[in-house]
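What follows is a short report on a single structure.
The values are calculated or read from the model by the stated rules, or taken from the named source; none is laboratory data. The model shown is predicted, which means the values in this text are computed figures rather than measured ones. Methodologically, a virtual Cβ is constructed for each residue, glycine included, from the backbone with ideal geometry; neighbour enumeration extends over all protein chains shown.
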Amino acid sequence: MNKAITDGLILMPPAFAEGLDKWSSGNGTPGTATYEGASNAALVPADPDFGGCLELSKTETTQRLRHMGKTPILPGCYLRVTARVKAISGNLPSVRIAAWAGASDDSHVAGLTETGPSVLLTSYGQVRTVSAIIGSGLRGGVDMVWGTEPAYAHVGLDLTGTNGGVVRIDDLVVEDVTGFFLRDMMDWVDVRDYGAIGDGATDAAAAFEAADAAAGGRSVLVSPGIYHLGNSVTFENPVRFEGTVTMPEDKRLTLTRNFDLPSYIDAFGDELEGLKRAIAALFNFSDHDSLDMKGRRVDIDRPIDVHAVVGNKDSFAIRRVIRNGQINAVASTNWNTDTVTSQATYSTANPMQLSNVANIANIPIGALVEGLGVGREVYVREKNVGAGTLTLSMPLFDAAGTQVFTFRRFKYLLDFSGFASLTRFVLSDMDFECGGEASAIMLPRDGLIFHVKDCFITRPRDRGITSIGRGCQGMMVDRCQFLSNEQSLPAQDRVSIGLNTNANDIKIRDNRAVRFAHFAVLGGTGNLLTANHWFQDDNQSDGIRQAGLVMTRTNVKSTITGNYIDNSFIEWTNEHDEAPAHSSEYSFGGLTVGGNIFTCNDVAAWFRFFVIKPVGAGHYIHGLNLSGNTFKSINGTIERVDYVDTTFADLDMTRMRNIVVEGNSFTGIDQFIGNPVAVQFDQNTDAGIWNCEFAGFLPFNGRAREVMGVIAEGEIRNPANARVTAMPFVRLEQGAGGTQVQVNWPEPCHGRIHVTARMDRPI
């Protein structure tokens with residue numbers, strides 16, 4: 001590169017023969033004294049070494065010679081100023097190239113080096129060459145590093161040392177030597193050429209921006225060194241980092257043309273810092289909707305607080321994606337669970353709040369709440385230290401009054417809980433390698449459509465995905481693997497949970513979960529679970545199993561379809577109800593469980609696949625479709641597939657309605673169930689009243705509340721062996737448990753009948 005050639009810049013000062021009025025004895029600025037008519041300066045027209053030259057007597061301590069014209073100084077350009085000098089008589093001085101740095105407004109740019117190396121003249125008549133290079137960047141061989149502020153120079157030289165000497169000076173030469181530092185056909189620009197100094201302290205932000213502006217589509221090279229950026233910097237051109245940068249936490253480095261994690265790791269020289277800076281940029285510019293980790297694995301020893309990393313946003317509603325990488329937890333005490341115990345008061349009048357909370361300042365947002373009458377997966381969503389109140393993610397079912405609660409704050413690889421609201425955020429093709437040290441993902445407190453897809457959540461210490469508020473509204477979890485850290489434990493000893501939700505419109509599809517305490521605890525009413533496989537077996541004989549799926553609301557609008565439910569059961573409860581006893585609200589209903597494969601292996605005979613657990617009295621079922629499923633027990637049989645857990649309360653069997661249990665297959669199950677169910681009854685002795693027992697056949701051991709048909713198989717005959725043609729009538733809900741249908745004939749008789757009964761009323 002030679003600006004004199006490519007851009008026609010005039011770099012060379014005029015020859016001395018053109019007039020000494022163009023040469024100053026001061027700094028070269030207008031108004032300073034010139035050598036025109038000076039007693040110590042004369043033109044020599046014919047020197048044997050130089051031809052025409054200037055003869056100058058040294059009369060000042062520093063005898064200055066400056067061209068009064070403006071030699072342009074451009075970022076990225078390097079100029080070499082050369083002079084040939086010889087001593088003629090008198091004392092022998094030293095000679096150095098010198099220049100005055102001028103800004104675009106003609107002011108002096110102070111604080112710069114404005115002289116080159118000094119050369120001592122040691123004999124008379126010997127020609128010595130002195131030179132110095134002026135440039136914007138700190139490079140080897142550059143004598144005057146000026147950065148980007150100077151716009152021009154008054155170039156020349158200084159005579160120093162003892163006065164009284166006479167020297168002759170050949171015409172000065174100024175030439176563009178940028179090619180010494182850069183390739184002639186380069187496809188990049190170097191930030192050093194625009195004033196960047198990689199000393200870790202000098203602010204290089206302006207130099208970075210200037211280099212980017214000059215790149216024009218070429219790459220920007222950040223040369224070796226540590227560059228401090230005191231302000232945010234945006235690169236509109238590709239960047240290559242050989243050096244690294246530092247910058248305040250609230251400033252952003254934005255790489256618009258290579259926005260990917262490896263570039264940020266190269267920029268900051270650290271994986272964790274690079275990831276945090278890349279995430280901050282993701283939320284703060286719009287050229288890219290996604291951060292590609294390029295398959296990189298990032299080892300971290302502490303949680304990433306995404307809200308703190310972003311730093312300037314409490315809410316965000318533009319689609320953003322982090323994809324294609326691995327975040328790996330390494331052993332550290334930073335992952336230890338924070339545990340706080342505190343007395344607090346709960347009132348059903350304000351079901352989402354704890355009041356009069358002692359020690360509230362030490363209770364972290366996102367802490368799991370534990371205590372008497374507290375259901376599963378209840379978290380601290382907000383806190384008001386001044387008012388002494390905590391806002392909960394879910395109500396408590398039996399905790400009215402004052403008690404001591406325990407608050408446990410798990411630590412997560414990615415923690416979004418600092419966001420008041422985050423909408424349309426996606427984690428795709430990620431491996432969250434928790435290593436038994438950390439949990440994986442904590443959701444924001446509110447928001448819509450958090451999407452986790454094609455991810456591995458591997459060995460979480462406590463939780464896979466945690467919702468502490470409404471940030472799970474519309475959440476989608478697709479094609480993910482949840483691999484427990486507790487696989488070697490007996491099923492009943494496991495405590496980790498794959499995911500939980502509090503809000504509605506949840507889609508959980510095509511996932512696989514291995515040996516958690518629970519795969520999912522769903523606190524919302526609208527859920528769609530399709531084609532998942534969760535299994536929770538162990539190596540115990542006659543083993544105990546836990547619920548794989550827990551639903552904590554009564555009146556849902558949910559479907560569980562086409563799943564492989566292995567060595568676990570579905571549990572339907574109302575443990576997130578501040579008034580759990582039924583009053584005037586809807587009870588258990590709105591659930592479809594169809595086309596699933598239920599299987600168990602080597603379990604206790606009392607194991608069940610579908611369990612309803614009311615935590616308050618008076619509840620019933622008013623909408624359940626349990627159809628088309630396959631139930632299979634291996635290595636031993638189980639008694640039946642359904643169960644009502646009466647730990648707290650039973651269901652009101654007299655109010656059951658709109659229940660369909662049909663089309664299911666049973667293998668290794670002692671008791672078939674259906675609703676409606678047709679049962680064959682044989683009466684071998686003559687009787688006018690036949691008591692047909694449906695106990696066991698009806699779901700949940702319900703009452704025989706309706707008969708849909710009585711059909712005789714063959715002839716019904718009286719004691720005289722005559723055919724009985726009269727139609728019988730029935731009485732429902734007979735026997736101690738209401739499980740019998742009484743078939744009444746007009747006369748004693750015997751025979752075989754098929755009775756179809758229901759344990760509910762359809763409407």
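Tabulated values for the structure
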| item | result |
| --- | --- |
| Complete set of residues in region 2-33 that are at pLDDT 95 or above, within 60 Å of the chain's Cα centre (by Cα) and of a type in the set (Gly, Ala, Ser) | Gly28 |
| Qualifying residues in region 739-763 (those that are in a loop (DSSP other than H, G, I, E, B) and surrounded by fewer than 18 Cβ atoms within 10 Å (Cβ to Cβ)) - the one modelled with the lowest pLDDT | Ile763 |
| Residue that is nearest to Thr148 (Cα to Cα), among those in region 75-103 that are at pLDDT below 95 and in a loop (DSSP other than H, G, I, E, B) | Pro75 |
| Residue among Arg424, Arg461 that is of a type in the set (Lys, Arg), over 18 Å from Leu368 (Cβ atoms) and touching a residue at least 60 places away in the same chain (Cβ under 8 Å) | Arg424 |
| Residue within region 243-254 that is at pLDDT 95 or above, more than 29 Å from Ser417 (Cβ to Cβ), among the hydrophobic types (A, V, I, L, M, F, W, C) and part of a strand (DSSP E or B) present | yes |
| Residue list for region 116-142, restricted to those being over 11 Å from Val81 (Cβ atoms), at pLDDT 95 or above and in a strand (DSSP E or B) | Pro117, Ser118, Val119, Leu120, Tyr124, Arg128, Thr129 |
| Any chance Ala520 is closer than 23 Å to Gly616 by Cα, free of Cβ contacts under 8 Å to residues at least 60 places away in the same chain, outside the structural domain of Leu372 (by TED's automatic domain parsing) and not in a loop (DSSP other than H, G, I, E, B) | yes |
| Selection within region 378-393 - of a type outside the set (Val, Ile, Thr) and in contact with a Lys or Arg (Cβ under 9 Å, 6 or more places away or on another chain) | Arg381, Glu382, Leu390, Leu392, Ser393 |
| Residue check for Gly696: assigned to a loop (DSSP other than H, G, I, E, B), surrounded by fewer than 20 Cβ atoms within 10 Å (Cβ to Cβ) and not assigned by TED's automatic domain parsing to the domain that holds Gly562 | yes |
| Any hit, region 435-446, residues being within 16 Å of the chain's Cα centre (by Cα), under 19 Å from Val380 (Cβ atoms), of a type in the set (D, E, K, R) and assigned to a loop (DSSP other than H, G, I, E, B) | yes |
| Strands (runs of 3 or more DSSP E) completely within region 338-424 that count 3 or more residues being touching a Leu at 6+ places or on another chain (Cβ under 6 Å) and of a type in the set (Lys, Arg) | none |
| Output for region 663-693, where each listed residue is surrounded by 15 or more Cβ atoms within 10 Å (Cβ to Cβ) and either acidic (Asp, Glu) or without any contact (Cβ under 8 Å) to a residue 40 or more places away in the chain (or both) | Asn664, Phe666, Gly668, Ile669, Gln671, Phe672, Ile673, Gly674, Asp686, Glu693 |
| Pro30 exposed (fewer than 15 other Cβ atoms within 10 Å of the Cβ) and assigned to a strand (DSSP E or B) | no |
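To keep it simple, each residue is scored yes or no on (1) in contact (Cβ under 8 Å) with a residue 40 or more places away in the chain; (2) over 17 Å from Ala99 (Cα atoms); (3) assigned by TED's automatic domain parsing to the domain that holds Tyr152.
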| residue | (1), (2), (3) |
| --- | --- |
| Ser25 | yes, no, yes |
| Thr29 | yes, no, yes |
| Ala33 | no, no, yes |
| Ser39 | no, yes, yes |
| Ala46 | no, yes, yes |
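Results for (1) at pLDDT below 95; (2) of a type in the set (S, T, N, Q); (3) over 30 Å from the mean Cα position of the chain (by Cα); (4) on the phi < 0 side of the Ramachandran plot, shown as yes or no for each residue.
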position: Ala513; (1), (2), (3), (4): no, no, no, yes
position: Phe519; (1), (2), (3), (4): no, no, no, yes
position: Leu522; (1), (2), (3), (4): no, no, no, yes
position: Gly526; (1), (2), (3), (4): no, no, no, yes
position: Asp542; (1), (2), (3), (4): yes, no, yes, no
position: Arg545; (1), (2), (3), (4): no, no, yes, yes
position: Thr554; (1), (2), (3), (4): no, yes, yes, yes
position: Thr559; (1), (2), (3), (4): no, yes, no, yes
position: Phe569; (1), (2), (3), (4): no, no, yes, yes
